[in-house]
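A short write-up of the structure that comes next.
No lab work stands behind these numbers, since they all come straight from the coordinates. Since this is a predicted model, take the numbers as computed values, not measurements. Cβ placement follows ideal geometry from the backbone for every residue including glycine, while neighbour counts extend to all protein chains displayed.
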Amino acid sequence: MCTIEDYKILNLSKDFGWYKLSTELKEWHSVYLTDKETILDIGAGEGETALFYVLHGAKKVICIEGDKKNYARLVKNAKIIEKKYNAQIITINAMLGNIKIDIEGGEEGMILEQHFAGYWEEVAHSKGIPPATKIYRLTKAKYRNKILRSKEQFFLNLLSNPGKGK
């Protein structure tokens, strides 16, 4: 299991990267561990989850990040990870519109994580194979309000615990 000490090689921002890492690393160990060698990390932040996957056996991590500041740090951190761990980190700066996953059997054991489970609505289901494939859309108003509340809470936590973001 990796520890927060393993992340000292990265250039993470004080108010986002280190705060996120210090609050989520334990949870990542309980849900993100996988035996897959290739990982798709959408919303890759500053590269902290890319390093997590590499530390736990991934050989290639494809990182997609839409925020330009996070992406700039991601690119720098990807180079550090590649050099130190001989892994391949592919970085893409993009905000995604739709996500389609159809891997013809590669889905077994896949971990699909998203932050707003209660805000997805089913809009269709496949009549193909398998017939139970469901298609969801994230409802924008609820999503936007949840994001704003999350950001407010994040900054309130930082203000009340200023040492936590370091």
Quick check on my filter: what residues within the stretch 12-31 are under 22 Å from Val75 (Cβ atoms) and surrounded by fewer than 14 Cβ atoms within 10 Å (Cβ to Cβ)?
Lys14
Could you check the stretch 1-57 and list, in sequence order, the residues that are touching a Lys or Arg at 6+ places or on another chain (Cβ under 9 Å), touching a residue at least 60 places away in the same chain (Cβ under 8 Å) and outside any helix (DSSP H, G or I)?
Leu10, Asn11, Leu12, Ser13
Considering every residue within the stretch 71-94, establish whether at least one is part of a loop (DSSP other than H, G, I, E, B), in contact with an Asp or Glu (Cβ under 9 Å, 6 or more places away or on another chain) and surrounded by 14 or more Cβ atoms within 10 Å (Cβ to Cβ).
no
